[in-house]
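The values are calculated or read from the model by the stated rules, or taken from the named source; none is laboratory data. Predicted model, so just to flag it, every value in this text is computed and none were measured. So basically every Cβ, Gly included, is an ideal-geometry build from the backbone, and we count neighbours across all protein chains shown.
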Amino acid sequence: MSDLFDRSYTCSICGNEFTSKQVKTSAVRAKERKKDFHTIFSGENPTHYGVICCPNCGFTQFENDFKKELSAKCKTTIQNTVTKNWKSQDFTGQRDLQTAIKIHLIALVNYTVMQANQATMAKLLLRLAWFYDEMGNEIDNKKYTQLALDAFIKSYEVEKQDDEEGKELEVIYLIGELNRQLGNYKEAIRWYEMVVRHEFAFKNRLIKTYAKDQWALAAEQYNASK
Ligand SMILES: [Zn+2]
């Protein structure tokens, strides 16, 4: 039996009704969870299916955003940029890693022309960094890790996080972790320390533990790099 099923969507740009594959919850098998929240799956990877693309007009968004109402200005922008250049392509079936990268790059174009917030850009760029990591493409992994880091910093500095769910703590932690991955050990430690000393650190013990562990690792790596 297939691990995938069809979910129905209606495109807010062109009105097209279509189905796109998603992974059944019962079929999701996490094998490993990395310290940047990158999960490795043993079967179908639900992250590959996180963005929805209308085959008719190219409108591509994270699933939750795909269902949202769009402003008239936003619709016109998508029609005049994405749709105008769209050659009918279908990403509604099963998605391997290559396809996932392709569709996330299309989402990146969509969100860029829509001038999406930095938190959304960061989420998308981080996923691309994960995909290139899975592929063993070190150059593009580094490129998208750096772009994700820049977006997380902008998001942290400019966009007020709604910290009800400890999101700000996660962002601060990720800024530390992505800095460490890029070899900026001293900078990484500065952000990990912010997590540990954060007034809401008690609310998210997992992140606090991660920050302590990765702080120790970054200190080790810094000493080894001298
Ligand atoms: Zn459409």
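Taking the criterion of being touching a residue at least 60 places away in the same chain (Cβ under 8 Å) and among the hydroxyl-bearing types (Ser, Thr, Tyr), would at least one residue in segment 94-111 satisfy it? Scanning segment 94-111, I find no residue that is touching a residue at least 60 places away in the same chain (Cβ under 8 Å) and among the hydroxyl-bearing types (Ser, Thr, Tyr), so the answer is no.
Here's the yes/no breakdown for (1) closer than 28 Å to Asn45 by Cβ; (2) in contact with a helix residue (DSSP H, G or I) (Cβ under 6 Å, 6 or more places away or on another chain):
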| site | (1), (2) |
| --- | --- |
| Phe131 | yes, yes |
| Asn137 | yes, no |
| Lys143 | yes, no |
| Leu169 | yes, yes |
| Arg180 | yes, yes |
| Met194 | no, yes |
| Ala201 | no, yes |
| Tyr210 | yes, no |
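Applying the criterion of being of a type in the set (A, V, I, L, M, F, W, C) and near the ligand (Cβ under 10 Å from one of its atoms) to the residues of segment 54-65, the residue that is nearest to Thr19 (Cα to Cα) is Cys54.
For segment 20-32, give me each residue that is away from the ligand (no atom under 14 Å from the Cβ) and either of a type in the set (A, V, I, L, M) or within 18 Å of Leu97 (Cβ to Cβ) (or both). If the condition is that a residue be away from the ligand (no atom under 14 Å from the Cβ) and either of a type in the set (A, V, I, L, M) or within 18 Å of Leu97 (Cβ to Cβ) (or both), then Lys21, Gln22, Val23, Ala27, Val28, Arg29, Ala30, Lys31, Glu32 are the ones that fit.
Reported count of residues in segment 43-72, each being touching a Ser or Thr at 6+ places or on another chain (Cβ under 8 Å) and under 13 Å from Thr120 (Cβ atoms), is 5.
Results for (1) over 21 Å from Phe5 (Cα atoms); (2) touching an Asp or Glu at 6+ places or on another chain (Cβ under 8 Å), shown as yes or no for each residue.
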position	(1), (2)
Ser42	no, no
Thr60	no, no
Phe66	no, no
Ala72	yes, no
Lys75	yes, no
Lys84	yes, no
Phe91	no, no
Ala119	yes, yes
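Here is the figure for segment 35-53: residues that are within 14 Å of the ligand (Cβ to nearest atom) and either more than 19 Å from Ile101 (Cβ to Cβ) or out of contact with any strand residue (DSSP E or B) (no Cβ under 8 Å at 6 or more places or on another chain) (or both) total 0.
Please work out if Val82 is away from the ligand (no atom under 16 Å from the Cβ), modelled with pLDDT of 95 or more, crowded, with 20+ Cβ neighbours inside 10 Å and over 30 Å from Ala211 (Cβ atoms).
Values: away from the ligand (no atom under 16 Å from the Cβ): no; modelled with pLDDT of 95 or more: yes; crowded, with 20+ Cβ neighbours inside 10 Å: yes; over 30 Å from Ala211 (Cβ atoms): yes.
Judged against the criteria, Val82 is not a match.
Restricted to helices (runs of 4 or more DSSP H) entirely inside segment 117-198, those with at least 2 residues that are closer than 15 Å to Asp213 by Cα are 167-181, 185-197.
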